[in-house]
Amino acid sequence: MAYRIAINGYGRIGQSVLRALMERSPRRSEPQMQVVAINELSDLDTIAYLTRYDTTHGRFPGRVETRDGRLLINDHAIEVINEPDPTRLPWKALNIDLVMECSGSFKDRPTAERHLSAGAKRLLFSNPAESDVDATIVCGINESSLLPAHRIVSAASCTTNCLVPVLTVLDEALGVEHGVTTTIHSAMNDQPVIDAYNQTDLRLTRSAMQSIVPVDTGLARGISRLMPHLADRFQSLHVRVPTINVSAMDLSICVKRDTTASEVNALFAVATRDRLAGLLGFTEEPMASVDFNHDPRSGIVDATQTRVAGGRLIKMLCWFDNEWGFANRMLDVAQHMARLEPPRIS
């Protein structure tokens, strides 16, 4: 029987999750997942249109239609709901196993529990969420820590999924002392095309297509949550740049013993063929950001940019498709959750 998924919030990540699931080749050893509902406040025709056509990822590789108030994907009917109150969602009637919370509108446990009270068995956040979630999972690092009792889970963030596997490889081989990260991130939908008002950040009033815009980031807290022995040893910056997709992570990391750029690259050449295969990539080709559009991996180490100063200061550049890579990681986490025993609902 298929694992029944509802997508709450059908923006960039929600749309990518649905597309990525449809593009995946099913494996007999994996639980079969099926999107059966979408909760989105937009109208059905717009939802269908944004599914059918996508500036970043191209036309949908299948049939997209509407019928009787439902979205049809290759004749598979998906219920479309327009309900802002999670407690009124029909998750019990639809027998929803997992809500993928992709709205980005909240990250707190009480709101997640409203989806559970509506009948969903579990919820997966598409953001780091608050620290009181049952688990925060980065695939390739700690997915084995998922337990049947875990009902509210976070898939962390696109930046955390890119960074933590890289830090883990370096930490295990060289010992990480401390570092600074700079995320060079594509523009997002909270930025205006031309200058416009923003209630939270004056920099976000400026045109996304005309400026490099610094914004706040909680990435350092994410490192501390997943690698507590490195708590308070990292600082993080984040700038938005005028591209629509694919971002980069600029890393400056001090390690405990002397190394070379060749040794660092050799570590990742091995790790990306072995334990992190399919999750972390490695390239020695002269590539640009657009070359990683629609890449399902969490990050790709650009070996041409690896530098070492003074023996222990490592400089690295890692590319990542901030939409497609993260959508695929959400599906991976969902697969792991589908293998768990059904939760006990009191």
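For LEU71, indicate whether it is assigned to a strand (DSSP E or B) and buried (at least 16 other Cβ atoms within 10 Å of the Cβ). Yes, satisfied.
For the stretch 315-346, a residue qualifies if it is in a helix (DSSP H, G or I), over 18 Å from ILE96 (Cβ atoms) and among the hydrophobic types (A, V, I, L, M, F, W, C), and the qualifying residues are TRP324, PHE326, ALA327.
Sub-6 Å Cβ pairs linking a first residue in the stretch 54-68 that is touching a residue at least 60 places away in the same chain (Cβ under 8 Å) to a second residue that is not basic (Lys, Arg), at least 6 apart or interchain, are THR56/ILE244; THR56/ASN245; HIS57/HIS294, ordered by first then second residue.
For the stretch 116-125, filtering for residues that are out of contact with any Lys or Arg (no Cβ under 9 Å at 6 or more places or on another chain) and within 23 Å of PHE326 (Cα to Cα) leaves 1.
Among the criteria (1) touching a residue at least 60 places away in the same chain (Cβ under 8 Å); (2) in the same structural domain as ILE7 (by TED's automatic domain parsing); (3) out of contact with any strand residue (DSSP E or B) (no Cβ under 7 Å at 6 or more places or on another chain), the one GLU143 does not fulfil is (2). From the list VAL246, VAL264, VAL270, VAL239, the one residue that fits, being surrounded by 20 or more Cβ atoms within 10 Å (Cβ to Cβ), more than 16 Å from GLY310 (Cα to Cα) and of a type in the set (Val, Ile, Thr), is VAL246. Mind checking which residues of the stretch 256-280 are more than 18 Å from TRP319 (Cα to Cα) and in contact (Cβ under 8 Å) with a residue 60 or more places away in the chain? Listed by number, the residues that qualify are LYS256, ARG257, THR259, ARG275.
Residue-wise test of (1) under 21 Å from the mean Cα position of the chain (by Cα); (2) exposed (fewer than 14 other Cβ atoms within 10 Å of the Cβ).
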site	(1), (2)
GLN15	yes, no
ARG24	yes, no
ARG27	no, yes
ASP43	no, yes
ARG59	no, yes
GLY62	no, no
PRO90	no, no
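GLU341 meets the stated requirement of being surrounded by fewer than 16 Cβ atoms within 10 Å (Cβ to Cβ) and in contact (Cβ under 8 Å) with a residue 60 or more places away in the chain.
Can you find, within the stretch 309-338, the residue that is surrounded by the fewest Cβ atoms within 10 Å (Cβ to Cβ) among those that are among the aromatic types (Phe, Trp, Tyr) and touching a strand residue (DSSP E or B) at 6+ places or on another chain (Cβ under 9 Å)? Among them, the one singled out is TRP319. Are there any pairs, at least 6 apart or on different chains, whose C-beta atoms fall under 6 Å, with the first in the stretch 301-318 and closer than 21 Å to ASP291 by Cβ and the second of a type in the set (Phe, Trp, Tyr) and not in a strand (DSSP E or B), and if so, which? Qualifying pairs under 6 Å: VAL301/PHE268. Take the conditions (1) surrounded by 16 or more Cβ atoms within 10 Å (Cβ to Cβ); (2) assigned to a loop (DSSP other than H, G, I, E, B); (3) in contact with a Leu (Cβ under 9 Å, 6 or more places away or on another chain); GLU83 misses just one of them, which is (1). Looking across the stretch 93-107 at every residue that is out of contact with any strand residue (DSSP E or B) (no Cβ under 8 Å at 6 or more places or on another chain) and buried (at least 17 other Cβ atoms within 10 Å of the Cβ), the one that is farthest from HIS150 (Cα to Cα) is identified as GLY104. Selection over the stretch 181-207 of residues that are in contact (Cβ under 8 Å) with a residue 24 or more places away in the chain and touching an Asp or Glu at 6+ places or on another chain (Cβ under 9 Å) gives a count of 5.
The values are calculated or read from the model by the stated rules, or taken from the named source; none is laboratory data. Note that the structure is a prediction, hence the values are computed from the model and not measured. Neighbour counts run over all protein chains shown; Cβ positions are idealised from the backbone, glycine included.
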